[in-house]
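See below for the structure under consideration.
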Amino acid sequence: MDLKNKKVTVIGLGNSGLNAAILLNSIGADTFVTDSHDTPAIRDSHKLLEKKGIRVEIGKHTEDFIRGSKLVVISPGVEDDSPAIRWASESLIPVISEMELGFWFCKGRIIGVTGTNGKSTVTTLIGEILKSGGKDTVVCGNIGNSLCGEIPRIRKSTWVVLEVSSFQLEHIEKFKVHIAVILNITDDHMDRYKNFEEYFTEKLKIFQNQDKDDVLILNYDAENLRHLKDKTRSKTLFYSRLKVTNGAYIRGADVVCLANGCEEKVLSIGDIALKGLYNVENVLASALVGCLVRVTPESIKDAIRNFKGLSHRFETVETIDGVEYIDDSKGTTVDSTIRALESCPKDVVLIAGGKDKFSDYSFARDVIKKKVRHLVLIGEASGAIRKAVGDLVDTRQAKDMLEAVRMAKGLAKSGSAVLLSPMCSSFDMFTNYKERGEVFKKSVRSIKESYAKVKR
């Protein structure tokens, strides 16, 4: 679509909307931006765009900003019941996602990573593997920097490693990835979707436009993904921690790949710096992509050995009086908390709770019964979590993170762990999971200082 001198409206002024507007402006589109919120960050973006001659409204949506548009571009956080989208639909104006817009102008080959859990880690690790192999690489997407914002850096030789969320896939048309990776799909975002099937279907759009020259990588150990090989035109490869597959697997103590027709040891499990069994799966997926892109086993191993993980993903903060304090603030789903608990070799005091996404917390009953000795709840989902699992374990309520950490300190015994893994998003008490994790760390370190003074 030729957008020069055409009116295009962007809905949402976060990172995605801001960069979509700048890209549209750079190609000569008559760009409008509308956001129903009014925050300091949005006001800063407003000023930046107005300096470029882009018309912006914040704190509301008005139909005039939609009327006459040839195209509407939406940010991932904008839901279909937004009045702005309704006006666009009523006027038969095409609506696409920011990621779709970025794809239209992307010259490089895209590796798309999606899943309920682990996609940020795998996206980042694939990027590190490709860079280690000397590949021109851009890492972007749902991980924080949008595809539209990276377009000026992307050349034909560039590998674009893109973290893809279900929200970003809702309004795609031609978006196509050369290598698609689906890590897992479990219960999440039930506050946005009618049911799990709707959420699952949105995730599968990552490979809907692939053809025989493309590759779909699936986690064989996730039973609900195995059958997808029959639903795609692309070549399908599996990875598995539990059995030999046609892609990547564990043989003895080694990670082995079959990506290019021959069995090749890439590294030993002992080379993996990341903690947790689920991270072995993440390494398998990442190593397989590296082999497909023809990065040498030596370079793949170097990248994996040097990769310590991302902040707030099962990250040890401190050990105080024999108790390990672990920040897993990114554990915003029930499944991610299950994985974190399975990776704890000790008795656990679990801090959980936050904004309720209407998840089924009862899925965690078995692992909580096995691993958790005390449960400390925070946030608006406390009641729902207590109802689902509170009969299994001593359960307490804290008013904020500092009180939760202090409470956990009093309950934990030497040799155990205090784990923040909320099963919920953070927006009831914090700006995002990063702020929640930082507050947890600060609380832990304040307790460490107090403990050190007592010891003196």
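No lab work stands behind these numbers, since they all come straight from the coordinates. Computed from a predicted structure; not experimentally measured. Cβ: placed from backbone, ideal geometry, glycine included. Neighbour counts: every protein chain shown.
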With R₀ set to 25 angstrom, the calculated FRET efficiency between the beta-carbons of residue 414 and residue 306, to the nearest 0.05, is 0.20
Give me D for the stretch 212-346 in µm² s⁻¹, whole number, from Stokes-Einstein with Rh from the Kirkwood sum over alpha-carbon pairs, 10 °C and 1.306 mPa s. 99 µm²/s
Between the stretch 363-437 and the stretch 39-77, the alpha-carbon center distance in angstrom: 39 Å
Farthest toward the dipole's positive end in the chain, which of 11, 29, 152, given Cβ charges of +1 (Lys, Arg) and -1 (Asp, Glu) about the Cα centre? 152
Quick check: pseudo-label points 7 Å beyond the Cα along Cα→Cβ at residue 246 and residue 2, how many nm apart are they? 4.5 nm
Per the beta carbon screen (other Cys under 4.7 Å), unpartnered cysteines of the chain come out as 106, 140, 148, 262, 344, 424
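Evaluate E = 1/(1 + (r/R0)^6) for residue 321 and residue 394, where r is the Cβ-Cβ distance and R0 equals 25 Å; express this FRET efficiency to the nearest 0.05.
Details: r = 20 Å, r/R0 = 0.80.
It comes to 0.80.
Which residues make up the longest stretch of the chain that has no chymotrypsin sites (Phe, Trp or Tyr not before Pro) in a DSSP loop with at most 15 other Cβ atoms within 10 Å? Before the final figure, lay out the partial values.
Details: sites that count: 105, 358, 427.
The answer is 106-357.
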May I ask you to list the residues of the stretch 290-329 whose amide nitrogen lies under 16 Å from a point 7 Å from Cα along the Cα→beta-carbon direction of residue 449? 318
Over the chain, what per residue volume does the convex hull of the Cα atoms give, in whole Å³? 156 Å³
Tell me whether the stretch 365-456 comes out rounded, prolate or oblate; compute the Cα gyration tensor, take square roots of the eigenvalues as a ≥ b ≥ c, and use a/c under 1.5 as the rounded threshold. oblate
DSSP-defined beta bridges in the stretch 165-288 - what % are antiparallel, rounded to 5: 40 percent
Can you sort 407, 1 from fewest to most other Cβ atoms within 10 Å of each residue's own Cβ? 1, 407
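For residue 373 and residue 254 in the same chain, what is the full-extension length gain: residue separation times 0.36 nm, less their Cα-Cα distance, in nm?
Values: separation 119, 0.36 × 119 = 42.84 nm, distance 3.45 nm.
So the chain would gain 39.4 nm between residue 373 and residue 254.
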DSSP beta bridge pairing in the stretch 273-432, given as percent antiparallel to the nearest 5: 25 percent
Which listed residue (215, 262, 133) has the Cα farthest towards the positive end of the charge dipole for the chain, taking +1 on Lys and Arg C-beta and -1 on Asp and Glu C-beta about the Cα centre? 133
Determine the alpha carbon to alpha carbon distance for each of 265/346; 308/387; 119/434; 203/330; 47/174 and list only those over 27 Å. 265/346; 308/387; 47/174
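Which residues make up the longest stretch of the chain clear of GluC sites (Glu not before Pro) that lie in a DSSP loop with no more than 14 other Cβ atoms within 10 Å, not counting the sites?
Values: sites that count: 79, 173, 263, 380.
Within the chain, the longest run free of exposed GluC sites (Glu not before Pro) spans 264-379.
Any chance you could run the full-extension gain for residue 67 through residue 79? It's 0.36 nm times the residue separation minus the Cα-Cα distance, nm to one decimal.
Values: separation 12, 0.36 × 12 = 4.32 nm, distance 1.91 nm.
That works out to 2.4 nm of additional length.
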Cα→Cβ-extended label distance, 7 Å offset, between residue 107 and residue 196, nm: 4.5 nm
Where labels lie 7 Å past Cα in the beta-carbon direction, separation of residue 89 and residue 27 in nm: 2.5 nm
